[in-house]
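The values are calculated or read from the model by the stated rules, or taken from the named source; none is laboratory data. Please read all numbers here as calculations on a predicted model, not as lab measurements. So basically every Cβ, Gly included, is an ideal-geometry build from the backbone, and we count neighbours across all protein chains shown. In case anyone asks, the SASA skips ligands and DNA or RNA and just uses the protein heavy atoms, side chains included. Shrake-Rupley method; radii C 1.70, N 1.55, O 1.52, S 1.80 Å.
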Amino acid sequence: MKQLRILVFSAGFGNGHYKAAEAVIAAIKAKEPSAEITHLDFGDFLSKRFNAMAKNLYIEMIKHTPKLWGKFYDTTAKFHPDSRIQRFLKQLGRKEFLKFIQDLSPDMIVCTYPTVSSILAQLRSEQILQVPLVTVITDYTAHSHWIHPGVDRYMVACKEVKEILLSWGIREQSILVTGIPVNPKFELKTERVNLINKLGLNPDIPIFLLMGGDYGGVKTTKRICTKLSNSEVPIQSIVVCGKNSKLYKSLADVSGQSPNPMIRLGYVHNLEELMTVSNLIITKAGGLTVTEALKKQLPLLIYKAIPGQEEANAEFILRSGAGQTANSEKELMDFINYYLNNPRVIERMRVRAAVAVPSQSAEKTVNEMFELLLESQASRIS
């Protein structure tokens, strides 16, 4: 029997596209261990130099001019999938992609990034590409750049995203609400008390998890940490600084002299454990971070959601009742005060978080992929 080959395209913009792709790959390996999987970054495939410049521009824009990014997002979201700009984007790297695919000869292609999805979907519509194409949308909304009738299956986060695709004319049978795929470790039930003890914290005192992130402001994050540190209500906090070394160093005095227990971390590989022990997470509204938290039944306090897809993700959290959003530092501090003094509200949000998203999303995504593969193979035989 021929070894199954699957080609996966993602992108390193914001890390969510890459993490969703890795979650799908993990689920494929669990279902079909012998599968040969090739995972490529869309930007690196075309030009590493161009990709690095584009990523830096994106990061700088959302960090320093988020309103400009929001305006760009909203304007381009109205472009018809067959508009001139969309047709131009669908030509990017077209020959290179086609040659690579022909040389690799995969049985299926999976995309977690819209640009490459549209390029390949156009080739699929023209019947140049004969391989089934699956697109996984990684937010709780869908920019028009994701939309193309040539995609064989869309895997989406929620019914609202399905409605957006339907409004653009995508066939209902091509859209499946599987949830955003996350690493299976976020689905595991783990013993909370043991993890808390391992961290040297107290299981009887609430724990707030703060994601400083790569795009967070150092001064603002330090003020939030100082607030948690000096809280009159007993509170423990875990601060994840990611790759932001400046932020990590700036918090040394706060964490070292904190009256309330505070753990300061850099980049972590055990986020699922940190989410398990926490009662509330203060974070941005990236699609994967939101989904990972919901999988761990962890209420969210979203701070300054970036205009565009993050705002849509934050709105999903509000609709589901699994969290709250703060648009200013004062509003954030007020919410922190409120939650510290009203732990029952956090527990109510935890109950809502537990049912906000589909379970086993990566497994469901892969099961649907294999169903499509069987249908494609059957149609070729007939």
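Only Lys, Arg, Asp and Glu count, each charged at its Cβ (+1, +1, -1, -1), so figure out the dipole size of the stretch 212-316 about its Cα centre, rounded to 20 debye. Could you put the intermediate results ahead of the total?
On the way: 12 positive and 9 negative charges, 83 e Å.
Magnitude of the dipole: close to 400 debye.
Nothing charged except the Cβ atoms of Lys and Arg (+1) and of Asp and Glu (-1): what's the magnitude of the dipole of the chain about its Cα centre? Round to the nearest 20 debye. Please list the in-between numbers first.
On the way: 47 positive and 37 negative charges, 141 e Å.
Magnitude of the dipole: close to 680 debye.
So for the stretch 173-254, what percent of the C-alpha to C-alpha distances run longer than 23 Å?
Everything past 23 Å amounts to 42 percent.
Residue 308: net charge of surrounding residues, Cβ under 10 Å, Lys/Arg +1, Asp/Glu -1, itself excluded? Please report the intermediate quantities before stating the final value.
Numbers: positive: 71; negative: 74, 139, 310, 311.
With Lys, Arg at +1 and Asp, Glu at -1, the net is -3.
Taking every pair of alpha-carbon atoms in the stretch 145-219, what share in percent sits in each 10 Å bin, from 0 to the bin with the longest distance?
Each 10 Å bin holds this share of Cα pairs: 15, 25, 22, 22, 15, 2.
Leaving out ligands, DNA and RNA, what percent of the accessible area of the chain is carbon and sulfur, probe 1.4 Å? If you can, show how the numbers build up before the last one.
Values: 9560 of 18010 Å².
Percent of accessible area from carbon and sulfur atoms in the chain: 53.
Report the relative contact order of the chain, percent, no decimals, based on alpha-carbon pairs under 8 angstrom and at least 6 residues apart. Spell out each step's value before the answer.
On the way: 679 pairs, mean separation 63.0, N = 382.
This gives 16 percent for the chain.
If you put +1 on each Lys and Arg Cβ and -1 on each Asp and Glu Cβ, how big is the dipole of the stretch 285-357 around its Cα centre, in Debye rounded to 20?
Details: 9 positive and 8 negative charges, 72 e Å.
Taking the Cα centre of the stretch 285-357 as origin, the dipole is about 340 debye.
Would you mind checking the tilt of helix 361-381 against the longest principal axis of the Cα atoms of the chain, expressed as 0 to 90 degrees and rounded to 10?
0
Over the stretch 84-195, what is the relative contact order in percent, taking alpha-carbon pairs closer than 8 angstrom and at least six residues apart? Before the final figure, lay out each step's value.
On the way: 153 pairs, mean separation 22.6, N = 112.
Here the relative contact order equals 20 percent.
Express the Stokes-Einstein translational diffusion coefficient of the stretch 263-339 in µm² s⁻¹, to the nearest whole number, given a Kirkwood radius over alpha-carbon pairs, 10 °C and a viscosity of 1.306 mPa s. The partial results should precede the final answer.
Working: Rh = 12.8 Å.
Calculated translational D: 124 µm²/s.
Express in whole angstrom the spacing between the alpha-carbon centres of the stretch 265-315 and the stretch 345-382.
What the calculation gives is 20 Å, centre to centre.
To the nearest 10 degrees, how steeply does helix 309-320 sit against the main Cα axis of the chain, on a 0 to 90 scale?
70
Peptides 283-290, 103-110, 125-132: what's the order by average Cβ count within 10 Å, highest mean first? Show your work: numbers first, answer last.
Values: 283-290: 25.1, 103-110: 18.1, 125-132: 14.8.
Going from most to least packed, we get 283-290, 103-110, 125-132.
Using only the alpha carbons of the chain, determine the length spanned along each of the three principal axes and report them from longest to shortest in whole angstroms.
Extents along the principal axes, in whole Å: 70, 43, 36.
Quick one: Debye curve from the alpha-carbon atoms of the stretch 215-370 only, equal weights, vacuum; give me log10 I(q)/I(0) at q = 0.11, 0.18 Å⁻¹ to two decimals.
At q = 0.11, 0.18 Å⁻¹ the computed log10 ratios are -0.44, -1.17.
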